[in-house]
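This report refers to the structure that appears directly beneath it.
The values are calculated or read from the model by the stated rules, or taken from the named source; none is laboratory data. Since this is a predicted model, take the numbers as computed values, not measurements. Positions of Cβ are generated from backbone atoms using ideal geometry, with glycine treated the same way; all protein chains shown enter the neighbour counts.
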Amino acid sequence: NFKGILDDIRIYNRVLTLQEIQELYQGSTPLDDPVTNELPTTTLLYPNYPNPFNPATAIRYQLSPAGQGASNNVELTIYNLLGQKVRTLVKARQSAGSYQVEWHGRDDFGRSVSSGIYIYRLRVGDYVKSRQMVLLR
């Protein structure tokens, strides 16, 4: 029986800034991030929080401008480890900015899913990013 804490393993292909190292060491959460009114310059998918989770987790992402006031085609989808779609959280056109959605461990039909590892994937044009999350019932 698992009674410990899951460690978050990250590999960076660059040198981290002092601020990034301090945030990793202090265990900052997405809620600690300062709020700004500036539009993001890149599209990013953040780690969900909390992870592991029960009963719900927040998934944050940011969208860069699509150009000339256009909006982005956004899909945020959850899959099980077999690659089967479990839930579509977002399938819409969205303008540049920061977004957050919650997943309550239910599939597209409203049924509770079992404990386990799930993959969430953000697709915005050519940008595709996936991350893992753990649901503990």
State the number of residues belonging to the stretch 59-80 that are at pLDDT 95 or above and over 16 Å from Lys129 (Cα atoms). 0
Of all residues in the stretch 107-125, count the ones that are among the β-branched types (Val, Ile, Thr) and loosely packed, with under 12 Cβ neighbours inside 10 Å. 1
What's the number of the condition Ala58 fails, among (1) surrounded by 13 or more Cβ atoms within 10 Å (Cβ to Cβ); (2) assigned to a loop (DSSP other than H, G, I, E, B); (3) not acidic (Asp, Glu)? (2)
Go through the stretch 83-106 and give me each residue that's of a type in the set (D, E, K, R) and either loosely packed, with under 14 Cβ neighbours inside 10 Å or within 12 Å of the chain's Cα centre (by Cα) (or both). Lys85, Lys91, Arg93, Glu102
Go over the candidates Glu38, Glu23 one by one and state the one that is modelled with pLDDT under 95 and not in a loop (DSSP other than H, G, I, E, B). Glu23
If only one of Leu76, Leu45, Leu81 is among the hydrophobic types (A, V, I, L, M, F, W, C), touching a residue at least 60 places away in the same chain (Cβ under 8 Å) and out of contact with any Asp or Glu (no Cβ under 9 Å at 6 or more places or on another chain), which one is it? Leu45
